[in-house]
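Chemist: I'd like to ask you about the structure that follows.
The values are calculated or read from the model by the stated rules, or taken from the named source; none is laboratory data. Bear in mind that the values here come from a model prediction, so they are computed numbers and not experimental data. Here the Cβ positions follow ideal geometry from the backbone for every residue, glycine too, while neighbour counts run over all protein chains shown.
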Amino acid sequence: MKNRFIIFSVVLLAAGCHRKPGGAGGAGGAQGGGGMPPIQVVAVDAILQPVTESLSLVGSITPKEMVEIKSETDGIVQNINFKEGERVESGRLLVRLDDTKLAATLAQSEANLKMSEANFNRAKQLFDEKLISRQEYEQTASIQDVNRASVDLQRRQLKDAQILAPFGGIVGARQISPGQVIMRSAILTWLVDLDLVKVEVNVPERYLQELKIGRALDFTVAAFPNEKFHGEIYFVSPQLNENLRTALVKALIPNKEGKLRGGMFASLELTLKVRDSAIVIPEPAIMSNGDNFSVFIVDKEGKAQVRPIQVGLRLPGRAEVLKGLSAGDKVVVEGVQKLRPGGPVKLAPPEAAAPYAKS
């Protein structure tokens, strides 16, 4: 019994020699020796702010009306009645061809018509008196119809020698000179109406529900980068491009000052949706793993916790969070690499978080 008591006393003494200071409960020992020290991080609050979802597209500007001025007949250019770049009204005489041959042919046709009309009148009187046959009467009537049709044709050809502006607009560069022999369908110049212009843009099918006839569009051009132009959609193609899965959309834009020209590129910013109260966080806080996103937050006990999130719209330096966070959650933006779930954290001074709060 004496030996057993001595052994038991030695065991108790050894146990007492290996106990670490910190109180009888041992809590202070666990914190002071085996616990991880807090990791300093920079964290900011998830905030609510308005978010505008927009779509950037590039379109092209075309005149509302543009036509190649051509001749419908062969001839010699007699007069050019316009200056390059001049604004002309509808019906203005632009080019006159030499019409002397056409006028002579018309005079001959009119003389033939006059003679055939006289012959028809005599034949009608003789037919009524039964002095000629119906066949002879109908022959004179047919000759009269042919001559009348010939006169109408010659008058139209004579009219074609005068080339008129089909609508009001600006005349382009001329491609002819006086005295030049031109062939039918030769391009003489161009006529462009720029009082209204069109913006044509191909829009992906997923956004077509947002683009209705009558909707306003804003865009800019490289020539006037600080000026916004405003238009209104008047056409949405009923057929998609099968290769690109886009639909052609057109808008009309007033252009009284003539700043916009055909062939310009138009940069369009289409506002699709506006969310007045969206949760937004700094983009550096987001951790990605393929298509999965998460963030570290600092809970009320001062520990780091991982939160899976769903990311929405990307903004400059920030990102919208659709699911996973609430306004006021404190999100870690610096020091993420050193954190582990449940680990204690220490917040950096407020000035360290200031750049993220302003971004």
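Chemist: Check every one of the strands (runs of 3 or more DSSP E) wholly within region 36-120 and list those with 1 or more residues that are of a type outside the set (Gly, Ala, Ser) and modelled with pLDDT of 95 or more.
Modeler: In region 36-120, the matching strands (runs of 3 or more DSSP E) lie at 47-70, 75-80, 93-97.
Chemist: Let me ask something else. Only one of these is in contact with a Ser or Thr (Cβ under 6 Å, 6 or more places away or on another chain) and over 30 Å from residue 194 (Cβ atoms): 331, 298, 274. Name it.
Modeler: Checking each option against the conditions leaves just 274.
Chemist: Of the numbered conditions (1) hydroxyl-bearing (Ser, Thr, Tyr); (2) touching a strand residue (DSSP E or B) at 6+ places or on another chain (Cβ under 7 Å); (3) more than 30 Å from residue 215 (Cα to Cα), residue 271 fails exactly one; give the number of that condition.
Modeler: Unmet for residue 271, out of (1) hydroxyl-bearing (Ser, Thr, Tyr); (2) touching a strand residue (DSSP E or B) at 6+ places or on another chain (Cβ under 7 Å); (3) more than 30 Å from residue 215 (Cα to Cα): (3).
Chemist: Hey, among 257, 269, which residue is in the same structural domain as residue 200 (by TED's automatic domain parsing), over 17 Å from residue 204 (Cβ atoms) and acidic (Asp, Glu)?
Modeler: 257
Chemist: Name the single residue that is modelled with the lowest pLDDT among those in region 168-205 being of a type in the set (S, T, N, Q) and in a strand (DSSP E or B).
Modeler: The selected residue is 202.
Chemist: Just name the residue that is farthest from residue 36 (Cα to Cα) out of those in region 300-359 that are surrounded by 14 or more Cβ atoms within 10 Å (Cβ to Cβ) and among the basic types (Lys, Arg).
Modeler: Top of the filtered list is 318.
Chemist: Just need a number here: residues in region 95-114 that are touching a residue at least 12 places away in the same chain (Cβ under 8 Å), farther than 13 Å from residue 159 by Cα and among the hydrophobic types (A, V, I, L, M, F, W, C).
Modeler: Total meeting the criteria: 1.
Chemist: Further question: Restricted to region 255-270, and to residues that are touching a Leu at 6+ places or on another chain (Cβ under 6 Å) and part of a strand (DSSP E or B), which residue is nearest to residue 66 (Cα to Cα)?
Modeler: Ranking the qualifying residues of region 255-270, first place goes to 268.
Chemist: Can you name every residue in region 210-239 that is outside any strand (DSSP E or B) and aliphatic (A, V, I, L, M)?
Modeler: 211, 213, 222, 223, listed by residue number.
Chemist: Follow-up question, since we're still on this one. Do the conditions hold for residue 273, that is, is it assigned to a strand (DSSP E or B) and surrounded by fewer than 14 Cβ atoms within 10 Å (Cβ to Cβ)?
Modeler: Taking the combined requirement at face value, the residue satisfies it.
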